[in-house]
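Below: one structure, written as structure tokens.
The values are calculated or read from the model by the stated rules, or taken from the named source; none is laboratory data. As the structure is a prediction and not an experimental result, all values here were calculated from the model. Using ideal geometry, Cβ is built from the backbone for each residue, glycine included, and neighbour counts are taken over all protein chains shown.
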Amino acid sequence: MKITIIGTGYVGLVTGACLAELGNDVFCLDVDPRKIDMLNSGGIPIHEPGLEEVVARNRASGRLQFSTDVAASVAHGQLQFIAVGTPPDEDGSADLQYVLAAARNIGRHMEGYKVIVDKSTVPVGTADRVAAAIREELAARGKNADAQDKLDFAVVSNPEFLKEGAAVEDFMRPDRIVIGTSDSPAGLRARDLMKLLYAPFNRNHERVHWMDVRSAEFTKYAANAMLATRISFMNELANLADQVGADIEAVRHGIGSDPRIGHSFLYAGAGYGGSCFPKDVQALERTARQYDQDLLILRAVEAVNDRQKGVLGRKVVQRFGEDLAGKRFAVWGLAFKPNTDDMREAPSRVLLAELLKRGASVAVHDPVAMEEARRVLALDLDEQALARVEFKAAPMDALDGAEALLIVTEWKAFRSPDFDQIKARLKQPVIIDGRNLFEPSLMTGFGIEYHGIGRSVLTGHVAGK
């Protein structure tokens, strides 16, 4: 099938590359010429395991091409995937300017039946706005009723459920595919084309969940809101566990064994970040307010997460005092999660700002996010604060002269370090672990003072004792 992907960010690039891998002829459009030049030169603008190889293989075969030519992109694919960004607006709602701009370009150039697939995460009702934008462009072209029939189209909702760091695997082996279509003649035709497109994923069993368009749009927000709720819920329990003398890891195993609950997204930590959960929780809250609804649970989820991003800073202050001037700390992990270089809403940004505000200096390391962290921190911090941040190519080099090691991101490379070397290179043998990577009893054996999240009962640091 001939497919056009509009946008070459996380969603668009992964979707385009993987659909080409399945034998489709894919045209990827982006308005950023630098990004297109990079892709045509064999580069990848994001870090995503396995993606570079898939892109290279399908560029070489001719099934995957990249361009800034809008007219050519509309002419290429009967299926037009909109996979552009929907950043949060000032009021927390999703900014649809890029989605609607893509829709207008389709209406401006289309010369036959098209299926417009909303792949971006968009609020309920966006498909109607996309359809209206296309009709406006067709009307502006002076198309009469007969021409309008020839240029019929359908808007489909097909939200993505890709995890950063495992996006290629998630796309090629999906646990579910959500597609929302209408029951109009154009919508039924679109359903047949979408069924054909996703047929390779349904050979063993049906993975597609068919529904109306608005339900499909809602499903994406509902899924992310539920996952964000689980994270914030466990983080609140972990903070309470530190106070009452319970081990949150034992609690996690205990409740996760209940099949109604399960183990996923029950890990306590330093809060969630990235491009999805923070933005989508805010957008769903905004949608609710437009309908005079107050989503109390989601407001609490967001508030808990905002506070949780400061948990490592609070633990540092509790251990080393309010004034950190002249003190140095090592930070392992900058990206919001492992296997990505994404720094959007990363808890590390909150931690670094807090330490630097209190006069500390920091030495930081991340396996892949160093370049992106340099760019983002230059926006976050003033020159004086930024001068107290050292970027270290090796994790152990960040430890020299540091009062403590602070772990923010659970990279696999951090799971089995040389603890004797950590102890020898730190000024004090202190680890403050924002992801509970290590067993407290093991740390005690190495002579390391260990502070996890919700595990104080095992390290002798229970509040009030």
All positions within the range 53-62 that are under 27 Å from the mean Cα position of the chain (by Cα) and either buried (at least 20 other Cβ atoms within 10 Å of the Cβ) or farther than 15 Å from V168 by Cβ (or both): V54, V55, N58, R59
The range 36-52, residues that are within 23 Å of N105 (Cα to Cα) and crowded, with 18+ Cβ neighbours inside 10 Å: I36, L39
Meets criteria (among the basic types (K, R), under 14 Å from N158 (Cβ atoms) and not assigned by TED's automatic domain parsing to the domain that holds R435) for R203: no
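Conditions tested, residue by residue: (1) closer than 17 Å to D433 by Cβ; (2) outside any loop (DSSP other than H, G, I, E, B); (3) at pLDDT 95 or above.
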{"position": "L312", "(1), (2), (3)": "yes, yes, yes"}
{"position": "V316", "(1), (2), (3)": "yes, yes, yes"}
{"position": "R319", "(1), (2), (3)": "yes, yes, yes"}
{"position": "L324", "(1), (2), (3)": "no, no, yes"}
{"position": "F329", "(1), (2), (3)": "yes, yes, yes"}
{"position": "A335", "(1), (2), (3)": "yes, no, yes"}
{"position": "M343", "(1), (2), (3)": "no, no, yes"}
{"position": "S348", "(1), (2), (3)": "yes, yes, yes"}
R286 vs. criteria under 21 Å from T86 (Cβ atoms), over 19 Å from the mean Cα position of the chain (by Cα), in the same structural domain as L352 (by TED's automatic domain parsing) and surrounded by 13 or more Cβ atoms within 10 Å (Cβ to Cβ): yes
Selection from the range 291-311 of residues that are in contact (Cβ under 8 Å) with a residue 60 or more places away in the chain and among the polar types (S, T, N, Q): N305, Q308
Helices (runs of 4 or more DSSP H) enclosed by the range 1-101 - at least 1 residues per element that are in the same structural domain as A127 (by TED's automatic domain parsing), without any contact (Cβ under 8 Å) to a residue 40 or more places away in the chain and of a type in the set (D, E): 33-40, 51-61
Verdict on L381 being in the same structural domain as R435 (by TED's automatic domain parsing), touching a helix residue (DSSP H, G or I) at 6+ places or on another chain (Cβ under 7 Å) and closer than 19 Å to I453 by Cβ: no
Among the candidates A216, A246, residue that is touching a helix residue (DSSP H, G or I) at 6+ places or on another chain (Cβ under 9 Å) and assigned by TED's automatic domain parsing to the domain that holds L296: A246
Scan of the range 280-316 for residues that are touching a helix residue (DSSP H, G or I) at 6+ places or on another chain (Cβ under 9 Å) and farther than 25 Å from Q243 by Cα, ordered by number: D280, V281, Q282, A283, L284, E285, T287, A288, Q293, D294, L295
Only listed residue being farther than 27 Å from E52 by Cα and at pLDDT 95 or above, chosen from A246, A228: A228
Residues located in the range 315-329, provided they are surrounded by 15 or more Cβ atoms within 10 Å (Cβ to Cβ) and out of contact with any Lys or Arg (no Cβ under 9 Å at 6 or more places or on another chain): K315, R319, F329
Candidates H263, H253, filtered to the one that is free of Cβ contacts under 8 Å to residues at least 60 places away in the same chain, in contact with a His (Cβ under 9 Å, 6 or more places away or on another chain) and in a loop (DSSP other than H, G, I, E, B): H263
Selected residue (criterion: surrounded by the fewest Cβ atoms within 10 Å (Cβ to Cβ)) from residues of the range 364-420 that are within 19 Å of the chain's Cα centre (by Cα) and not in a helix (DSSP H, G or I): V368
Candidate set from the range 152-197 (those that are part of a loop (DSSP other than H, G, I, E, B) and small (G, A, S)); member that is surrounded by the fewest Cβ atoms within 10 Å (Cβ to Cβ): S184
All positions within the range 388-425 that are without any contact (Cβ under 8 Å) to a residue 12 or more places away in the chain and either among the hydroxyl-bearing types (S, T, Y) or not assigned by TED's automatic domain parsing to the domain that holds K337 (or both): S416
